[in-house]
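Each value in this text was obtained by applying a stated rule to the coordinates, not by laboratory testing. The structure presented is a predicted model; accordingly, all values stated were derived computationally and were not measured. Ideal geometry is used to build each Cβ from the backbone, glycine not excepted, and the neighbour counts take in all protein chains shown.
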Amino acid sequence: MKPEHIKVPVLPPNGHLESDCRGVASILARVGDKWSVFVIMLLGDGPRRFNEIKRMVGGISQRMLTLTLRGLERDGLVTRTVFPTIPPRVDYELTDLGRGLWQPVEALGKWASDHQTEIEDARARFDRRNDAADLPVEKVAR
């Protein structure tokens, strides 16, 4: 037998750069964190005041909301507008870039809500299996 195809094509070098991954990872860390997802979903309906967002996002501390909004503002996803009233009124609103992100984030939030029961059931099954696997052999045999 004689090989007929001895020329193996050489694939072009992979365009993957580690620096690209780090850049994308930092963006995904911001937009994929649970508080950012909630805030982006809420701001999809229009501008909101800080305390309004805080009331609507259950369980978030004032400090965490401040850090989340500051990070979203830094990344160009949210604008912060201060009105010269007493006390000062501050509104947060999605930028054009943030509005472009709103639809996929809204879909992710809806998916999570729609499948919450299934995921909780899967977690319970997993935990039962793993709890049984952690038992000493003599207890499992009984």
Estimated inter-spin distance, Ala29 and Lys54, nm [label 7 Å along Cα→Cβ]
2.7 nm
Residue-by-residue Karplus 3J(HN,Hα) for region 90-102, coefficients 6.51, -1.76, 1.60, Hz, glycine and proline x
10, 10, 10, 8, 5, 7, 4, 4, x, 5, x, 7, 4
Sparse-neighbourhood loop sites, GluC sites (Glu not before Pro) in region 15-78 - DSSP loop, at most 16 other Cβ within 10 angstrom:
none
So how much slack lies between Ala122 and Ser61, counting 0.36 nm per residue of separation and subtracting their Cα-Cα distance, in nm?
19.0 nm
Can you tell me the FRET efficiency between Asp96 and Arg74 if r is taken as the Cβ-Cβ distance and R0 is 22 Å, rounded to the nearest 0.05?
0.85
